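Taken together, the values in this text are just the output of simple stated rules run on the coordinates, not laboratory data. Remember, predicted model here, so these are calculated numbers, not experimental data.
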Amino acid sequence: MTKDEIDKKIIEIIQKKTVYKIKRIGKNDDIYEKKIVDSFDMLAIIQEIEDFFVIKIQIEKLKKFKFSINFLSNLIVKKKIKFFNKNK
């Protein structure tokens, strides 16, 4: 799965939780800070991302967390690379 495909899936997941058009925001915009989603939506989105990509996102262990499309997709890519390298 490419980064663009991951971005599209994240956008699709987020879009289900809000009436705001996600395509109108930048991929680096913090959608929680911009009040596009609330904390309950954020948790639901993270849960759905974890389920779809079969990963665990531990927000409390991240030094800098930004609820943006790029941050989430980069996190997924890093976790998938780490998983594949570990299982070689």
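What the table below lists for this structure:
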item: The chain: angle of helix 69-86 to the longest principal axis, Cα-based, in degrees nearest 10; result: 10 degrees
item: Listed candidates [x] 11.2; [y] 6.9; [z] 5.7 - label of the one calculated as mean projected area of the Cα convex hull in nm²; result: [z]
item: Difference of contour (0.36 nm per residue) and Cα-Cα distance, VAL77 to ASP30; result: 15.0 nm
item: Part-to-part distance (alpha-carbon centres) for the range 43-84 and the range 12-39, which is given in Å; result: 16 Å
item: With Cα atoms, 0 to 90° folded angle of helix 39-53 axis to the chain main axis; result: 30 degrees
item: On Cα atoms only, tilt of 3-15 relative to the major axis of the chain in degrees; result: 40 degrees
item: Computed lengthening from LYS3 to ASP51, 0.36 nm per intervening residue step minus Cα-Cα distance; result: 15.5 nm
